[in-house]
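Written below as structure tokens is the structure these notes are about.
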Protein chains: 2
Amino acid sequence: CFSETTLSAPCPINGLPIVRNVSELPQDNYGRPGLSHMTVAGSVLHGMKEVEIWLQTFAPGSETPIHRHSCEEVFVVLKGNATLYLAETHGSSPGKPIEFPIFANSTVHIPINDAHQVKNTGREDLQMLVIISRPPIKVFTYDDWFMPHTAARLKVPYYWDEQCVQESQKDEL
Amino acid sequence: CFSETTLSAPCPINGLPIVRNVSELPQDNYGRPGLSHMTVAGSVLHGMKEVEIWLQTFAPGSETPIHRHSCEEVFVVLKGNATLYLAETHGSSPGKPIEFPIFANSTVHIPINDAHQVKNTGREDLQMLVIISRPPIKVFTYDDWFMPHTAARLKVPYYWDEQCVQESQKDEL
Ligand SMILES: [Zn+2]
Ligand SMILES: [Zn+2]
């Protein structure tokens, strides 16, 4: 019981249809060159409470911000090759990250609160499913690896949740 | 800092390596004909606390039990065609289910506590990623759709967690 309009609307308000065609979900780069983001099953968008799933594609050379969050995060890489940068040190700033090659058919687990960045260092698109816990995501971003944790900026709602958080707040007025 | 031995061991005890090749993960049918199950990122197996991810393949004609659980569950269908049976009524038994066709590149959300079953009603393998919250999974199974909820059997630990739960209990003695 859902219409195409509901499915492709940016902020579906009637909850999460049981079966959805991923190719019909809205996608956007949210101002980040080379990114295609789709929220496959979301908290703000679809009423998920405990897990949220994204499908993200990164053009060669594009990347996530350096960031951290206190939720669990897992990637399942569907296509392409890339580099994960992960700062496992626990000083006053992230510090020099360790580099991990990631590749199609690999899965990646980001330790809670470790600063990290994914960059498409390959020659084709990187496509991956991203699974997070405790949505919606609350992200701290860094300008560089040596920026103090205390200077990291909290970005919440995150880019793809922004429009729908604003609409739901409007609804409450 | 992990060896191949750790990766392919059924119960890796040193936590979750950052990057893992999904094709090298252990797979088994756990006594269910036509099933291939892999725990991509697990609670009992890898120390995940809030989400768990499986890669499951169902041969034509094979199916899950009729079951329910109180965690969130999302499927992302990678290959094949199948039918989701979902009992949305809330009487004393699941009752006659609604049928939803599911297909490659669809995503499915199972409402909490609704009894459901996936059957590969297509002609090729069905492959899907399964994401659950609050692992490890605690499953109630039904012999048929008209079995009373009170007669459903709680199966915990679930099949793919069994061996490692037993090993960790042994370690604690
Ligand atoms: Zn992240
Ligand atoms: Zn289920």
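The values are calculated or read from the model by the stated rules, or taken from the named source; none is laboratory data. What you see is a predicted model, and the numbers here were worked out from it, not measured in a lab. Here the Cβ is made from the backbone with ideal geometry for all residues, glycine too, and neighbour counts use every protein chain on show.
Taken over the stretch B:84-103, the criterion of being without any contact (Cβ under 8 Å) to a residue 24 or more places away in the chain and among the charged types (D, E, K, R) is satisfied by B:GLU99 alone. Considering each residue of the stretch B:143-154 in turn, none proves to be part of a helix (DSSP H, G or I) and among the aromatic types (Phe, Trp, Tyr).
Among the residues that make up the stretch B:61-82, is at least one of them at pLDDT below 95 and either closer than 17 Å to B:ASN113 by Cβ or buried (at least 18 other Cβ atoms within 10 Å of the Cβ) (or both)? The answer is no; no qualifying residue exists. All conditions but one from (1) modelled with pLDDT of 95 or more; (2) surrounded by fewer than 18 Cβ atoms within 10 Å (Cβ to Cβ); (3) at the interface with chain A (Cβ under 10 Å from one of its Cβ atoms) apply to B:ILE110; the one that does not is (2). Suppose the filter is within 24 Å of A:THR39 (Cα to Cα), away from ligand 1 (no atom under 16 Å from the Cβ) and assigned to a loop (DSSP other than H, G, I, E, B); does B:ILE132 pass it? Judged against the criteria, B:ILE132 is not a match. Summed over the stretch B:83-100, the residues that are at pLDDT 95 or above and out of contact with any helix residue (DSSP H, G or I) (no Cβ under 8 Å at 6 or more places or on another chain) give a count of 11.
Against the list (1) touching a helix residue (DSSP H, G or I) at 6+ places or on another chain (Cβ under 6 Å); (2) surrounded by fewer than 15 Cβ atoms within 10 Å (Cβ to Cβ), the condition A:PRO136 fails is (2).
Of the strands (runs of 3 or more DSSP E) contained entirely in the stretch A:6-95, those carrying at least 3 residues that are under 19 Å from A:HIS109 (Cβ atoms), under 12 Å from the mean Cα position of the chain (by Cα) and within 14 Å of chain B (Cβ to nearest Cβ) fall at A:51-58, A:73-79.
Contact annotation: residue pairs with Cβ atoms under 8 Å, 6 or more positions apart or on different chains, pairing a residue in the stretch B:17-39 that is in contact (Cβ under 8 Å) with a residue 24 or more places away in the chain with a partner that is in a loop (DSSP other than H, G, I, E, B) and of a type in the set (A, V, I, L, M), are B:PRO33/B:ALA59; B:GLY34/B:ALA59; B:LEU35/B:ALA59; B:THR39/B:LEU25. Residues satisfying the criterion are absent from the stretch A:80-90 (criterion: away from ligand 1 (no atom under 15 Å from the Cβ), touching a strand residue (DSSP E or B) at 6+ places or on another chain (Cβ under 9 Å) and among the aliphatic types (A, V, I, L, M)).
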